[in-house]
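Coordinate-derived values only; no laboratory data. Because the structure is predicted, anything quoted here is derived from the model rather than measured. Note: ideal-geometry Cβ built from the backbone for every residue, glycine included; neighbour counts use all protein chains shown.
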There are 2 protein chains.
Amino acid sequence: MKAGKGKKIDAEEFDLEQFLPYLLNQAAEATSRAFQEVYRTTYGMTRTQWRILANLGRFGAMTARDICRISHIEKTKVSRAITALEREDLIDRRVSETDRRAEILTLTPRGEERFAELGRKAIEHDRQVRAQLGAEVAEQFAAVLRTLIASAQGRGEADDAPD
Amino acid sequence: MKAGKGKKIDAEEFDLEQFLPYLLNQAAEATSRAFQEVYRTTYGMTRTQWRILANLGRFGAMTARDICRISHIEKTKVSRAITALEREDLIDRRVSETDRRAEILTLTPRGEERFAELGRKAIEHDRQVRAQLGAEVAEQFAAVLRTLIASAQGRGEADDAPD
DNA sequence: GCCATATAGTTGCACTTGCAACCATGTCAA
DNA sequence: TTGACATGGTTGCAAGTGCAACTATATGGC
């Protein structure tokens, strides 16, 4: 059999379907897909746009930079999503008076409305997932996820989830 | 306060950081990031390419269609990844004799070598993640992930994880 | 004030992606 | 056999994306 510098890998040893990163990705994608339908097909929004809307709805006015820090999304992605959200009249931007480089973002009434709409559906979606797992399991599960996120952030990068 | 057709959402009720899909995405991304470095910066491979390599290494010769079915990756993505892998002389394709539409894919010696190399590192990476969680927690965690994946697949779509 | 350096945000570019449309082959039924 | 439909795989196109380079403003030392 062929061997490079290392030993050949055993098929039993290498079980792709057991790999946590692999499972994690599949699960994340599967779970997001469902909800993506809501904002995507109903409103033509991207994940980034939805996330920004959610952050502004949840935490109130803030700058693009704040959003980057909080949600670990690339700043160019944020910039373009903001442009799109503004074009749709969902957010307002006004130059900060204390720092004229920065722009304060707020939801417009229309933005509030959409946030309320999507937020309710997000809560509902989350409830369904939790219900499926059972409350206790869901909580443990969430705890593990937080562990993984925290440890990665501690180690170095953190960052974004794709669309 | 502004209200659309639905009630306004309570900031406490809408806690983005508690949402399972959100946590799941962050965790998945964080966990993959680390390993992505290996195949990406060392070999310039994409996630799809690595996954195809892994599947061929694990299960042996198969068609692009099989890979789609097994790993739930979009067929165009598979098609292009295969083209790239072939250009790098990592896989061979030959037309199936029983169905001349299909192409049987196999790893070249060079492909085997790279699979061995990356496979070893993947196992190592998985071990680290599991070690961090503890064996028992890791197993329960994996079980939950499988539940989520299965339920999504049953419900309708399944599909892919992004790069 | 003036310069060097840092930061908020945008833009150009090259690349990846998903979708629909497409080509070639296979299948099944009359 | 032939025609209608299904299937494996590729390609054109219109997004979305990351990165590096850029503009404009801010800040701190001199």
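Odds and ends about this structure:
- Mean ellipticity per residue at 222 nm, deg cm²/dmol - from DSSP H runs of n ≥ 4 across the protein assembly as shown, formula -39500 (n - 2.57): -21500 deg cm²/dmol
- Using alpha-carbon coordinates, inclination of helix B:109-133 to the longest axis of chain B, degrees: 30
- Residue mean of other protein chain beta carbons inside 10 Å, B:138-145: 6
- From phi via Karplus (6.51, -1.76, 1.60), per-residue ³J(HN,Hα) for the range A:25-32 in Hz, x at Gly/Pro: 5, 4, 5, 4, 5, 4, 6, 6
- Annotation: amide H-H contacts under 5 Å for A:THR63 (H modelled 1.01 Å from N, sequence separation of 5 or more, or interchain): A:LEU105.
- The charge dipole of the range A:33-154, taken about the Cα centre with unit charges on the Cβ atoms of Lys, Arg (+1) and Asp, Glu (-1), comes to about 360 debye, rounded to the nearest 20.
- Applying 1/(1 + (r/R0)^6) with R0 = 22 Å to the Cβ-Cβ distance of A:SER151 and B:GLN18 gives a FRET efficiency near 0.70.
- Span from the the range A:99-129 Cα centroid across to the the range B:30-105 one, whole angstrom: 39
- For the peptides B:122-134, B:43-55, residues were scored by their other Cβ atoms within 10 Å and the scores averaged per peptide; the highest-first order is B:43-55, B:122-134.
- Zone residues, the range B:32-59, relative to B:ARG80, backbone N less than 15 Å from point 7 Å out along Cα-to-Cβ: B:45-50
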